[in-house]
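Undergrad: For reference, the structure I am asking about is given below.
The values are calculated or read from the model by the stated rules, or taken from the named source; none is laboratory data. Quantities reported herein were computed from a predicted structural model and do not represent experimental measurements. Neighbour counts run over all protein chains shown; Cβ positions are idealised from the backbone, glycine included. In case anyone asks, the SASA skips ligands and DNA or RNA and just uses the protein heavy atoms, side chains included. Shrake-Rupley method; radii C 1.70, N 1.55, O 1.52, S 1.80 Å.
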Amino acid sequence: MNELDALVDGARAAFAQATTPADLENAKAQYIGKSGRITELMKGMVALSVDEKKTRGAAINVAKQAIEAALAGRRQALADAELQVQLRAEALDVTLPGRQRGQGGLHPVSLTLERIEAIFGSMGFEVAEGPEIESDWFNFTALNTPEDHPARSMHDTFYVEGGSAKAPNLLRTHTSPMQIRHAVQHVKRHRAGIDKGAGMPEIRVIAPGRTYRVDSDATHSPMFHQCEGLWIGENVSFKDLKVVFTDFCRTFFESDDLVLRFRPSFFPFTEPSAEIDIQFQSGPLAGRWLEVAGSGQVHPNVVRNMGLDPERYIGFAFGMGPDRLTMLRYGVNDLRLFFDGDIRFLSQFR
Ligand code: DAH
């Protein structure tokens, strides 16, 4: 093997050993760089005759081209290998299952509240919301509740900071204070018309929300929900309350096979007062009277505290328990399940 063929073989071997582009460029410099072997051979031709230069030069050029071809081939091979590594690293397995976001859902009591709002909304009732920290005035006094009423004791009510020493603030024990709050706003908006004798658009509102009492067992939770209803006008009667509430119950439970009973009762803020019971005529709860709401004709003192003349305005109120309605609708027997936050229970209502 002549000297030039050996040089080409050496270059090929050196290139093959280079495993990175940087190695390859170093190997290249040894052969076809400025001070590489080929350049040295060219310089070595100075002493040769013109004819010898021709043949020697041509032979060196052939070797140089062979080395350049080997270099180009190796460069390509390294680039291909690098691309393969990159493709493998970035490979996507499109057959893998997608990553799922946990699917959420509304709490069963929220579903009930939405249902209540939709049904009463369709009967022309507004939805109002009010504070859970309430003053003694709105929660008790304005609702005609006497100073010695048991509901006012520390035993029944959570008192909080604020208010006066004689009438501290509290966590509202029912949604009934919203009767006063909403009516006062409504009257304010329509005062001019009322004073001119033009009358006032009827108050028709429901007020759902959280309420609090010192109470805890399978059917009572210290935090629970209520939904208040109020309907005040110049021509509203107990019959209207009966029609509206019957309609509501039948729509809520999706059953016409259901009867209502208004059982005489007592509340300080209504006179007369009635407890509303329902009875399913078929299904698992058939035959039992189930209490679902308190109700009554709004007491004249309460109408007065709304800023209205009880000789002219008459109205009806009711307060129901969305938690209990939810238990009846879904057949849940322990109220505490609603507030334990157990996903296994809650996900059944999705
Ligand atoms: N606030 C009463 C309670 O918590 C329920 C109630 C009874 C509300 C009669 C009313 C009503 O609006 O008229 O027990």
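Undergrad: Excluding Gln226 itself, what net charge comes from residues whose Cβ is under 14 Å from its Cβ, given Lys and Arg +1 and Asp and Glu -1? List each step's numbers first, then the result.
TA: Working: positive: Arg172, Arg210, Arg213, Arg324; negative: Glu117, Glu129, Glu132, Glu134, Asp215, Glu228, Glu291, Asp323.
My count for the surroundings of Gln226 gives -4.
Undergrad: On to the next question. Whole Å is fine, so just give me how far the alpha carbon centre of the stretch 245-276 lies from that of the stretch 200-217.
TA: 16
Undergrad: Something else about it: Within the chain, how many lysine pairs that are 8 or more places apart, or on different chains, have C-alpha atoms less than 23 Å apart?
TA: 12
Undergrad: In whole percent, and with a 1.4 Å probe on the protein chains, what portion of the accessible area of the chain is carbon and sulfur? List each step's numbers first, then the result.
TA: On the way: 10290 of 19740 Å².
Using a 1.4 Å probe with all protein chains present, the chain comes out at 52 percent carbon and sulfur.
Undergrad: Could you work out the pair-distance distribution P(r) of the stretch 1-145 from its alpha-carbon pairs, with 10 angstrom bin width and percents rounded to whole numbers?
TA: 9, 19, 14, 8, 6, 6, 6, 7, 8, 8, 6, 2, 1
Undergrad: Using DSSP to define loop residues, name the trypsin sites (Lys or Arg not before Pro) in the stretch 1-70 whose beta-carbon has at most 12 other beta-carbon atoms within 10 Å.
TA: Numbers: sites: Arg12, Lys28, Lys34, Arg37, Lys43, Lys53, Lys54, Arg56, Lys64; in loops: Lys34.
The qualifying sites are Lys34.
Undergrad: Kindly report the accessible area of the stretch 109-349 per residue (heavy atoms of protein chains, probe 1.4 Å, no ligands, DNA or RNA), in Å².
TA: With the other protein chains kept in place, the stretch 109-349 gives 48 Å² per residue.
Undergrad: Which percent, nearest 5, of DSSP beta bridges in the stretch 109-349 are antiparallel? Intermediate values should be presented prior to the final figure.
TA: Values: 43 of 45 bridges.
If we restrict to bridges inside the stretch 109-349, about 95 percent are antiparallel.
Undergrad: On a C-alpha basis, how far is the centre of the stretch 10-60 from the centre of the stretch 104-182 in Å? Whole number, if you could?
TA: 96
Undergrad: According to the square roots a ≥ b ≥ c of the eigenvalues of the Cα gyration tensor, what is the shape class of the stretch 154-227, taking rounded for a/c under 1.5, prolate for a/b larger than b/c otherwise, and oblate for the remainder?
TA: oblate
Undergrad: Would you mind counting up the charge near Ser265? Only other residues with Cβ under 14 Å from its Cβ, with Lys and Arg at +1 and Asp and Glu at -1. Display every interim value, and only then the final one.
TA: On the way: positive: Arg261, Arg263; negative: Glu271, Glu275, Asp277, Glu291.
Spelling it out: positives minus negatives among the neighbours equals -2.
Undergrad: Kindly provide log₁₀ I(q)/I(0) values, in the same order as q = 0.07, 0.09, 0.10 Å⁻¹, from the Debye equation applied to equal alpha-carbon scatterers of the chain.
TA: -0.47, -0.62, -0.73
Undergrad: Assigning unit charges at the beta carbon (Lys, Arg +1; Asp, Glu -1) and nothing else, what dipole magnitude in debye, to the nearest 20, does the stretch 222-350 show about its Cα centre?
TA: Numbers: 13 positive and 17 negative charges, 41 e Å.
Around 200 debye, computed over the stretch 222-350.
Undergrad: Leaving out ligands and nucleic acids, and using a 1.4 Å probe, what accessible area per residue does the stretch 3-89 come to in Å²? Intermediate results must be reported in sequence, preceding the final value.
TA: Working: 5680 Å² over 87 residues.
Ligands and nucleic acids excluded, the figure is 65 Å² per residue.
Undergrad: Ok, one more. Does the stretch 203-283 come out rounded, prolate or oblate by the C-alpha gyration tensor, with a ≥ b ≥ c the root eigenvalues, rounded set by a/c under 1.5 and, if not, prolate when a/b is larger than b/c and oblate if not? It would help to have the intermediate numbers written out before the result.
TA: Values: a/c = 1.66, a/b = 1.13, b/c = 1.47.
Oblate, since a/c reaches 1.5 and b/c is not below a/b.
Undergrad: Specify which residue in the list Leu106, Leu48, Gln281 is farthest towards the positive end of the charge dipole of the chain, using unit charges on the beta carbon of Lys, Arg (+1) and Asp, Glu (-1), about the Cα centre.
TA: With unit charges placed on the Cβ atoms, the residue in question is Leu48.
Undergrad: Just going by the charge dipole of the chain, with Lys and Arg at +1 and Asp and Glu at -1 on Cβ, which of Pro322, Val160, Gly10 is farthest out on the positive end?
TA: Gly10
Undergrad: How charged is the neighbourhood of Asp277? Take every other residue with its Cβ under 14 Å from the Cβ of Asp277, and add Lys/Arg as +1 and Asp/Glu as -1.
TA: On the way: positive: Lys242, Arg261, Arg263, Arg288, Arg324; negative: Glu275, Glu291.
Taking every other residue near Asp277 into account, the sum is +3.
Undergrad: Would you work out which of Pro131, Thr211, Thr173 lies farthest towards the positive end of the dipole of the stretch 109-349? Charges go on Cβ: Lys and Arg +1, Asp and Glu -1.
TA: Value: Pro131.
Undergrad: Which one, Gln297, Gln226, Gln76, has the greatest fluctuation when you compute a Gaussian network model over the chain with C-alpha springs under 10 angstrom?
TA: Gln76
Undergrad: Next question. Who wins for biggest fluctuation among Gly98, Gly193, Gly287 in a Gaussian network model of the chain, springs between alpha carbons below 10 Å?
TA: With Cα springs under 10 Å in the chain, the top fluctuation among Gly98, Gly193, Gly287 is at Gly98.
Undergrad: Another question, then. Using a Gaussian network model of the chain with C-alpha springs under 10 Å, which one of Asp51, Asp195, Asp334 is most mobile by mean-square fluctuation?
TA: Asp51
Undergrad: If you take the square roots of the eigenvalues of the alpha-carbon gyration tensor of the stretch 3-89 and sort them as a ≥ b ≥ c, do you get rounded (a/c under 1.5), prolate (a/b over b/c) or oblate?
TA: Numbers: a/c = 3.66, a/b = 2.91, b/c = 1.25.
Cα axes put the stretch 3-89 in the prolate bin.
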